[in-house]
Amino acid sequence: MIPLKRRKVISSVIRNSSGDSKFPGVVIFLLGRKMGASRRAFLSRLGRGKGFNIQDSFSQSITHLISENNSWKEVWTWLDSQTGGQGREEGECRTAGPSSVHLLDIMWYTESMQVSRPVAILDRHKLQERDEPGTELAVVSLPSYACQRHTPLLHHNTVLIDALSILAENAELSENEGRGVAFRRAGALLKSLPQEIRRVEQLRGQPCLGDHSLRVIKEVLEDGVCCEVETTKESRQFKAMKALTGIFGVGAKTADRWFREGIHTPSDLQRSGHNLNRAQRAGVQYYDDLNQPVRKAEADAIGLIVEKAVSEVLPGAKITLIGGFRRGKETGHDVDFLITHPEEGREEGLMAKVVSWLEAQGFLLYHKTTRNSYLESKDGPARPPSNMDRFERCFSIFRLSTENERRITQTISAQSTLLHSRTEPSPQTNDQAREESSMLSQCSGSRSWMAVRVDMVVSPYSQFAFALLGWTGSKLFERELRRWAVHERAMTLSSHTLYDSTKRQYLRANSEEEIFALLGLEYIPPCGRNA
Ligand code: UTP
Ligand code: MN
């Protein structure tokens, strides 16, 4: 007889682990083999939290057997040892029947977690009889345009992508755009893959991978590093070009000229006595701050300030956080906002007023506004489709009080804790980080504010959907959308419009979804545009 107190504990444990399932007919078992106990426990908790029925031990009631880094053969052998091979033929357990079970890769589980319901079982989720563990061909061949696939922020091939990104960056700094794009496309393809690549053969049949990229990938997989990448990272030119283009207002051309004159760092530049323009002077002055990644909490704090400015000068106008933060990034090199007003025309002259308000309140360390130079009747589709910066736009550097930011962050965190008490990270995490960095800056005799780059763009309401799509990025995703439009649809896409060359007419749209549909593409949400 179990004492009453203990009986209660035990029955609650049993209830939790068998769970009241939200999804009848789905009974999951996570195979511990190669997964490890703590990861298994973590994944089980995650699943139960979302209403899945996860069983701790294997039984006849299991419908979905999930494993990680196991081959079909390994799982089958394990399964056989559990059931004593009760009259089952090899292969039978691949299809679900009354007493059979789906043998699935962890991919099915993580995808189901992402959408909080069991996703449909596709071929790529199933363990295949012919595969060796961890070296199977990379599922099906992916579509070649990045705008045809989901590119998540978190992916499985960081080391390979980091290597390709160095070479892409070096090509961009050397103004070899074509080469840069080739490496970026290869990296984006790897980001879309649902699994980690261990052998270059797994990439057979995949698009976007040129000989050069494949060579780099192979070397990293076999030797741990790629010689060309290491040499590039250590090269004086690459280091200097990175340091100099890290100055706000300095592009690759200027940096290259300075490098040839022996200027390698911002300090060299200051000593050189070169005449700098206003943007570059601000860039040198706030160099350290502007080369720190901007965090989401800081972006949110600036968002509240810009929102206040906008609502003061034009009630009814709305602002949207765009760029990397809209794609779900936790950090960025700047913060981007798109501003519009539902009544077409009311947005004219808005930027000047917003800037004046911000300046009067002491929020701006630097700003430069460019006028809206887009005129459909004048520009027409003959213009290159990459005209993306012709809205009224303000490049600025904000003075963000770190005290203020902490207070605002607390308010935002408190609000979001109420709204998403289960999914948001603890507000203390941000505060602790801020506390630490503010202590550091105090130790180094620094100040209670930070400089942050902020880009603001104003669009007429009728162009809002195009502007939103164009300014959400990533840069490669945008490039791929435009390339798709031209080559596959004979259309010209910009941040202002979509022009159909066959019908010889502009196509209007009120949402991003409509633009994807007009382009004949499946809708990819912002979080899937991290190409
Ligand atoms: P960003 O350069 O800010 O990139 O441009 P990002 O993706 O937000 O990255 P981080 O986090 O700041 O480093 C945002 C998007 O705005 C568009 C591009 O599509 C880019 O992806 N953009 C940017 C333009 O259309 N024109 C420009 O002149 C600059
Ligand atoms: Mn940005």
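The values are calculated or read from the model by the stated rules, or taken from the named source; none is laboratory data. All values reported here derive from a predicted model rather than from experimental measurement. Every residue, glycine as well, gets a Cβ built from its backbone with ideal geometry; the counts of neighbours run over all protein chains shown. Accessible surface areas use protein heavy atoms only, side chains included; no ligands, DNA or RNA. Shrake-Rupley method; radii C 1.70, N 1.55, O 1.52, S 1.80 Å.
Placing R0 at 22 angstrom, the Cβ-Cβ distance between Asp223 and His156 gives a FRET efficiency of 0.65 after rounding to 0.05. Just list whichever of Lys296/Lys368; Lys318/Lys353; Lys329/Lys353; Lys34/Lys126; Lys308/Lys353 have alpha carbons separated by over 20 Å in the model shown. With Cα atoms farther than 20 Å apart: Lys296/Lys368; Lys329/Lys353. In this label model, Lys22 and Asp123 are separated by 3.1 nm, measuring between points 7 Å along each Cα→Cβ vector. Cross-link reach is defined here as a Cα-Cα straight distance under 20 Å, omitting same-chain residues fewer than 8 places apart; for Lys22 the lysines meeting it are Lys50. Each residue of the range 241-318 gets 120 Å³ once the volume of the Cα convex hull is shared out per residue. Our coupling estimate for the range 259-266, obtained by passing each phi through the Karplus curve with A = 6.51, B = -1.76, C = 1.60 and θ = phi - 60°, is 4, 5, 8, x, 8, 10, 9, x Hz, Gly and Pro reported as x. Between the beta carbons of Asn291 and Glu359, assuming R0 = 25 Å, the FRET efficiency works out to 0.55 to the nearest 0.05. One Cα centroid belongs to the range 142-197, the other to the range 20-86; the line between them spans 34 Å. The mean sequence separation of alpha-carbon pairs under 8 Å and at least six residues apart, normalised by the residue count of the range 439-526, gives a relative contact order of 23 percent. Just how many % of Cα pairs in the range 147-243 lie over 21 Å apart, if you round to the nearest whole percent? That tail contains 30 percent of the Cα-Cα pairs. Residues Lys239, Lys233, ordered by accessible area of protein heavy atoms at a 1.4 angstrom probe radius and largest first, appear as Lys239, Lys233. When only Cα pairs below 8 angstrom with a gap of at least 6 residues are kept, the range 240-316 shows a relative contact order of 31 percent. Show the residues, 5+ positions off or on another chain, whose built amide H is closer than 5 Å to the amide H of Arg529. HN-HN under 5 Å from Arg529: Thr151. Per residue, the average separation of C-alpha pairs within less than 8 Å and at least 6 apart gives the range 297-370 a relative contact order of 29 percent. Going down the table (Lys475/Lys503; Lys191/Lys475; Lys73/Lys218), which pairs top 18 Å between alpha carbons? From Lys475/Lys503; Lys191/Lys475; Lys73/Lys218, over 18 Å: Lys475/Lys503; Lys73/Lys218. Annotation: per residue accessible area for the range 205-292 equals 56 Å², rounded to a whole number [probe 1.4 Å, protein chains only].
Set the Förster distance to 41 Å, then compute FRET efficiency between Thr110 and Thr231 from the Cβ-Cβ distance, nearest 0.05. With R0 = 41 Å, the Cβ-Cβ based efficiency is 0.65.
The modelled label-to-label distance for the pair Asn69/Glu261, using points 7 Å beyond Cα in the direction of Cβ, is 5.4 nm. Phi-derived couplings, Karplus 6.51 cos²θ - 1.76 cosθ + 1.60 at θ = phi - 60°, listed residue by residue for the range 166-178: 4, 5, 5, 4, 4, 5, 5, 5, 8, 6, 9, 4, x Hz, with x used for Gly and Pro. Within a straight-line Cα-Cα reach of under 22 Å, Lys239 can be paired with the following lysines, leaving aside sequence neighbours fewer than 8 residues apart in one chain: Lys253.
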